[in-house]
Ligand SMILES: [Zn+2]
């Protein structure tokens, strides 16, 4: 396997997926050092500002399918989480789901890939079939603020009722915009018995 990897590295040298620097990690140290990290607030936990490096990395990850970014981006979430939240009582990690139509087009749910990195680190299972999107909503980011709540209202439901009873959930998403998506997901999880829902997003959009 090491031989195959070496040959592949010669043909396709590893590059930073943001600055394209050759021979570097998928997210190189120089790029990582330019992320604007956020301090925790009472309700929202987001690793960094959705600008510059972090924004480029997320756009490439999602839309150019650079899934090798899942690991370094997920590890940014791990580092944040270990510093600011008590993870010892978590029962499940739940990614914000995509509608199945969009999942089919993209081929993966970016939040789910991030959640798997956290699972690998904390050994808390990612449960992705539990929360699902019943409405094929428009991307929140492109909508005027007034339309956003309407867009996601009642868009999420829970399968496997009873599974969540008295469980502590960590909800994961890539971008926090107005918070409507997160609050709708949280409501669906709590309505189905979750004891607590903590939220961690990779980034937070400050300009809307
Ligand atoms: Zn770079």
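Pull up region 91-106, narrow it to residues that are outside any strand (DSSP E or B) and modelled with pLDDT of 95 or more, then point me to the one that is nearest to the chain's Cα centre (by Cα). For region 91-106, the residue satisfying everything is 96.
When every residue of region 193-201 is checked against the conditions, at least one turns out to be surrounded by 21 or more Cβ atoms within 10 Å (Cβ to Cβ) and farther than 30 Å from residue 53 by Cα. Only residues that are more than 25 Å from residue 13 (Cβ to Cβ) and touching a residue at least 60 places away in the same chain (Cβ under 8 Å) were counted across region 35-54, and they come to 10. Restricting attention to region 9-34, the residues that are more than 7 Å from the ligand (Cβ to nearest atom), outside any loop (DSSP other than H, G, I, E, B) and either free of Cβ contacts under 8 Å to residues at least 12 places away in the same chain or touching a helix residue (DSSP H, G or I) at 6+ places or on another chain (Cβ under 6 Å) (or both) total 7. Of everything in region 42-79 that is at pLDDT below 95 and within 13 Å of residue 176 (Cα to Cα), the residue that is farthest from the ligand (Cβ to nearest atom) is 43.
Got at least one residue in region 80-96 being within 15 Å of residue 32 (Cα to Cα) and more than 16 Å from the ligand (Cβ to nearest atom)? Yes, because at least one residue in region 80-96 is within 15 Å of residue 32 (Cα to Cα) and more than 16 Å from the ligand (Cβ to nearest atom).
Screening residue 115 against (1) modelled with pLDDT of 90 or more; (2) touching a helix residue (DSSP H, G or I) at 6+ places or on another chain (Cβ under 7 Å) leaves a single unmet condition, (2). If you scan region 118-145, which residues turn out to be modelled with pLDDT under 85 and assigned to a helix (DSSP H, G or I)? Hits for region 118-145 are 140, 141, 142, 145. Filtering region 72-86 to residues that are within 14 Å of residue 122 (Cα to Cα) and surrounded by fewer than 18 Cβ atoms within 10 Å (Cβ to Cβ) leaves 75, 79, 82, 83, 85, 86. Taking the criterion of being surrounded by 22 or more Cβ atoms within 10 Å (Cβ to Cβ) and part of a helix (DSSP H, G or I), would at least one residue in region 162-169 satisfy it? Scanning region 162-169, I find no residue that is surrounded by 22 or more Cβ atoms within 10 Å (Cβ to Cβ) and part of a helix (DSSP H, G or I), so the answer is no. Scoring residue 148 on the criteria (1) free of Cβ contacts under 8 Å to residues at least 24 places away in the same chain; (2) part of a helix (DSSP H, G or I) leaves a single failure, condition (1).
The values are calculated or read from the model by the stated rules, or taken from the named source; none is laboratory data. Treat the numbers as computed from the prediction; the structure is a model and nothing was measured. Here Cβ is always computed from backbone atoms with ideal geometry, including for glycine, and neighbour counts include all displayed protein chains.
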